[in-house]
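Here is the structure we will look at.
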Amino acid sequence: MQLTFTKRAGKHDDLTITRASGPAQAIQCPKQGIIPHDMVHYAVESVLADRGFLSMVETGAAADFTTQGGDSEEAVERLVETFQAELWGGRVAADDLIATYEHACGARGHPAAPVAAADIDAIRAQLNRLSERWTSLAVNEAMTLELSSRGREMLRVPGSVGLRAVERSRSKDRARRFSINRSDC
């Protein structure tokens, strides 16, 4: 599944989701002053083995604001929200971020997914890479991320425009690829 985020002028950016089968789905992402919300999902889900919104979309769920999941998906959503708050407000100690996340899960009545300080560091590193790439894009330029069911490892794809990499996942069952596509959409 490919996730193509296109930076736009105005109040929204665009996300086009292209699954292995079926039609592409386009949604608008409200601008929030940081990377798009679903890009934060990508950062979290590329590190943790737990299922989240993108995992549901990859397996056929609609990519919209009404998509609901079980405890795992809800736990990932709370972690995404916790990282968004950190992106807006500034970095906190990993233990404080984990405590905030666990409190949010408890307040919503579902268990938290197990998260360690090393996971927080890995997610932050992914968020930093994505934020740098997103910030460097001009209006109407796009950044494509790819999810697939293969493991992750670093590689360069010959003939690609910009940087393209696939990283080895801790869960070893999902691949994430990111690239910057310089095009007017």
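In the stretch 59-90, the residue that is nearest to H37 (Cα to Cα) out of those that are open to solvent by 50 Å² or more (accessible area, probe 1.4 Å) and not in a loop (DSSP other than H, G, I, E, B) is E81. For the stretch 27-55, a residue qualifies if it is part of a loop (DSSP other than H, G, I, E, B), of a type in the set (S, T, N, Q) and open to solvent by less than 30 Å² (accessible area, probe 1.4 Å), and exactly one does: S46. Can you pull out every residue in the stretch 1-26 that is hydrophobic (A, V, I, L, M, F, W, C) and either surrounded by fewer than 16 Cβ atoms within 10 Å (Cβ to Cβ) or in a loop (DSSP other than H, G, I, E, B) (or both)? Within the stretch 1-26, M1, A9, A20, A24, A26 qualify. State all residues of the stretch 112-143 that are over 30 Å from G10 (Cα atoms), touching a residue at least 40 places away in the same chain (Cβ under 8 Å) and either more than 17 Å from the chain's Cα centre (by Cα) or not in a helix (DSSP H, G or I) (or both); if no residue qualifies, say none. Of everything in the stretch 112-143, those that are over 30 Å from G10 (Cα atoms), touching a residue at least 40 places away in the same chain (Cβ under 8 Å) and either more than 17 Å from the chain's Cα centre (by Cα) or not in a helix (DSSP H, G or I) (or both) turn out to be A113, V115.
Looking across the stretch 91-111 at every residue that is assigned to a loop (DSSP other than H, G, I, E, B) and modelled with pLDDT under 95, the one that is least open to solvent (accessible area, probe 1.4 Å) is identified as H110. What pairs come out if I take residues in the stretch 47-58 that are modelled with pLDDT of 80 or more and pair them with residues that are polar (S, T, N, Q) and open to solvent by 10 Å² or more (accessible area, probe 1.4 Å) whose C-beta lies under 9 Å away, six or more apart or interchain? The qualifying pairs are V47/S171; L48/S171.
Conditions (1) modelled with pLDDT under 95; (2) exposed (fewer than 13 other Cβ atoms within 10 Å of the Cβ), marked per residue:
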site: P114; (1), (2): yes, yes
site: A125; (1), (2): no, yes
site: N128; (1), (2): no, yes
site: E132; (1), (2): no, yes
site: L155; (1), (2): yes, yes
site: R177; (1), (2): yes, no
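The values are calculated or read from the model by the stated rules, or taken from the named source; none is laboratory data. Worth saying up front: this structure is predicted, and the values here are computed from it rather than measured. FYI the Cβ positions are ideal-geometry reconstructions off the backbone, even for glycines, and counts take in every protein chain you see. Ligands, DNA and RNA are stripped out before the accessible areas are found, and what is left, the full protein with its side chains, is counted by its heavy atoms. Shrake-Rupley method; radii C 1.70, N 1.55, O 1.52, S 1.80 Å.
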